[in-house]
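We did not get these values from a lab; they are worked out from the coordinates using the rules stated. From a predicted model like this one, the values you see are computed outputs, not experimental measurements. Quick reminder, even Gly has a Cβ in these numbers, built from the backbone with ideal geometry, and neighbours come from all protein chains shown.
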């Protein structure tokens, strides 16, 4: 679909009579556009296109009749394909280059001739005299093409092409500079014979009437140039993303354990990025996603209304719209042609030869042949163009020390890519390829823009503001819709207008191309493009006419479109919007890229004054678009104003002054986005002092207002009391209550906040806090100027009233890498000294609970736990994370020991050890009451029901896990030597790595538990044999002490029974020595009786179960 909006106006038109040319081209020398006409009289006339009338500047002769004529800006030479008929009637073609052609002269002036690469200029020649250079060729040339930035000349001979490299040589004697051409020792062979060829940088396109191919010549030796990439594109950064998002790098990395504990100031330099998103659930409106998604969906559902000013023209091959660049009903006249190929023929077999070029196909097309479709039977390629595109920047850093490929110019570091247009009779297909494009486009038309022309087309021209096509109806001008080539491997960096990807999608994918100019001309044979002019050559019988049209600059086109838009601002809002978008698109392209025509023109367009003027106009156009969207009645438009105001670089204060609250329905959406991102400061002061923000926001939906309150710290700060009074009178839900908690906290009403937070569901608190986790922290400055995060007042309330939820949230933050464990520990350590009394105790408990929660999740959900366990002992394997975890264990140990030194005020029974960190690794042996000095000698039922303090159980589990470092264990041992706390014996046993030492501790303090400890430690017969002998020795050493003798006698009896049960009587006899068997016969007998009784019991139970299963009820 094409929209017709006649807004493109040429600045002037000149008409002049000319001689019938055999070949033509345009030139820009020293900023002056010229027209070159090759005549049958073997000469070339040079006409000036500047001024009101065409002026003949000079004439220079040619050797033979010119059949093709071109000018190359690099080297300022004119290349011709000349034809000569010999006496036998045979046609011979020659390629000749003319230098110093612009010097004033006539057809009969002297001309110096030489052979390229073989003959140097004469010493006695005048340096400014006309010079002809003939290329030595082996075959008949048929086409020539030149790269405007490298000066390389490509000569086609049938289906083969060779490159002649432009070189600037120095005469050995006179030291004068002169240009020469060096033929490269390789060639390109095509599968078809082209009748048109173009080259720019390393891109080459060829075509004939049925085939088209675009490819790139690459060389692995020079691929490092690609790593340079386009220069630092200050002007090609998305302003919107720069405004909204900031990247803060965590540059400080602690390399030793001391950095985690002692060097608090150093660790505080590690800035916490509070803007990092860790939750997919947002408590505020995600404008970024909504803007595009909603607009795309609504545009698909709502077609744009037509009016008297804008009409649509369908494609010639389809009754469907070609919107989005490829309509479903479209039957293209071109198809993918993988059979087309190029072969590099080289004379060297060396792999490291610097000219080993390879082919990278980008586009291969052919005319679709379908006899059932009459339209396709007469279809063919009529014209095309390959235009280089460069970034509009002054930072053209020419690196003279780096050797470039012969196919790349010194402007390659600002080379954006090429725009390729290939035309059939009535359609044009526009593609864009970046400088790093490597992937070929097949037949997917979503990567191209389709231009359906009104009539058959013969010539096209592409310039910075429009696409011009010469058709049977006249000169048609279209808006440029550069496609986003997503198949490019370099899409992230080099696709045109990727800097404003969001705006691209709205403009280029949803809007059709527009016919912005249609001028009738009769008898036009050719269309030429100069830097500042379009030239049309027309003939009527034997008379030839030259029409010179002065091209408008982007500012002129923008003003013309803007004037047309203002004329329809009241009568047709749709047309007004569309014209504003087109005007914005023109400036968006002009401010970033330039289609190369000449070096003089390029230099004049990249100067600071020109760029600043276009940037100002572009921001103005964005501001006008934003004004339209904010005043629109459609909700789908309100979100778009946010984006455009940010591109226009207008602050909220300026926007509010531009708008009338009653006539700007989208103001609430814009203001909401501003308040979400606004920080406290002069700008916020001005907004809230000059405008009644709350009155504006009260018109919004209650749910949206609550989301905004949660998402905007500056709103809660500047309108605290007003918002509290407003929320008190509305219906209460979790969102409302949570908003009040934050507002009460802001107003230093801690009691009300603590009371309300208890009524809010835990799930809502977790989700909201994770989404806006910066609520938990305040940032202060230390004495050294370092940024030190600390817990906020809200975090203190949450810590006090919902400590479990607080610990769970902090654990999630560390687990999702929003903040490191080291940073969280440092925040706690900096926070604790500022808390005294009850608050200090709560903060300490919160630190303990956080470490328990995080470490429990860490070891339960991550694989390779054995490796993590080894980190406690292997210093070489510890990284920053390992150091932080080790420090967390140390803090937990100190916390437990500190609790155990306090009076035993209240004991909480632990129902399940698995809820405790490493509780499943703690043995039941440590539940025995005798370990805690409670009636070791009285084994009554009351003492068996003792409840152990949780701190004892937690510390025992940590010691049993094996994750504590040797340093930490030594610290516990030193503490136990100086302090007498509950559970000291159990801790000493767990700290012992030597079982004999642990057995001695039990022997000295509670010998009744020796067998129970042996059960969890001994598994071998040798170990049990030593244990039995140990008991016998104790009995023999204390025969007169009845109490001790009785204890060890009972232990020996119980040990014998246990061994017999787990091994058998024979196993018991093996363990007992031969000498002691007679003395211990009574223990053997008792064990035998117990084993026999157990056997009978087992038989009875088994028989009973068998009988029950066989009874027939």
**Request:** Find the centroid of the Cα atoms in the stretch 559-603 and in the stretch 789-837, then give the distance between the two in whole Å.
**Result:** 53 Å
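Summarise the long-distance tail of P(r) for the stretch 1-152 by giving the % of C-alpha pairs beyond 29 Å.
Details: 2783 of 11476 pairs.
In whole percent, the long-distance tail amounts to 24.
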**Request:** Could you rank the peptides 827-836, 538-547, 68-77 by their average count of other C-beta atoms within 10 Å per residue, with the highest value first?
**Result:** 68-77, 827-836, 538-547
**Complete:** Pseudo-spin-label distance residue 174 to residue 369, built 7 Å along Cα→Cβ, given in nm, is 5.7 nm
**Asked** In nm, what is the difference between 0.36 nm times the number of residues separating residue 607 and residue 685 and their Cα-Cα distance?
**Response** 24.2 nm
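Can you put 58, 120 in order of Cβ neighbours within 10 angstrom, beginning with the fewest?
Going from least to most buried by this count: 120, 58.
Between residue 839 and residue 927, how high is the FRET efficiency from 1/(1 + (r/R0)^6) when r is the Cβ-Cβ distance and R₀ = 35 Å? Nearest 0.05.
0.50
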**Request:** Take the alpha-carbon centre of the stretch 63-111, take the same for the stretch 728-783, and report the distance between them in whole Å.
**Result:** 83 Å
**Complete:** The extension gain from residue 341 to residue 879, computed as 0.36 nm times the residue separation minus the Cα-Cα distance, is 188.2 nm
**Fill in**
Among the stretch 142-168, those whose backbone N falls under 18 Å of a label point 7 Å along Cα→Cβ from residue 221 are 163-167
**Prompt:** Taking the mean number of other Cβ atoms within 10 Å as a proxy for protection, how do you rank 883-891, 650-658, 355-363, 669-677 from highest to lowest?
**Reply:** 669-677, 883-891, 355-363, 650-658
**Request:** Just grab the label-to-label distance for residue 378 and residue 210, each label 7 Å out from Cα along the Cβ direction, in nm (one decimal).
**Result:** 1.8 nm
**Request:** Rounded to whole Å and sorted largest first, list the principal axis extents of the Cα atoms in the stretch 602-662.
**Result:** 47, 23, 12
**Asked** Considering the Cα trace of the stretch 422-465, what is its radius of gyration and what is Dmax, both in angstroms?
**Response** 12.3, 36
**Prompt:** Of the peptides 742-748, 622-628, how do they stack up when ordered by the mean number of other Cβ atoms within 10 Å, highest first?
**Reply:** 622-628, 742-748
**Prompt:** What is the distance in Å between the Cα centres of the stretch 400-447 and the stretch 656-711?
**Reply:** 46 Å
**Item:** Rough spin-label spacing in nm, given labels placed 7 Å along Cα→Cβ, for residue 764 and residue 695
**Value:** 3.1 nm
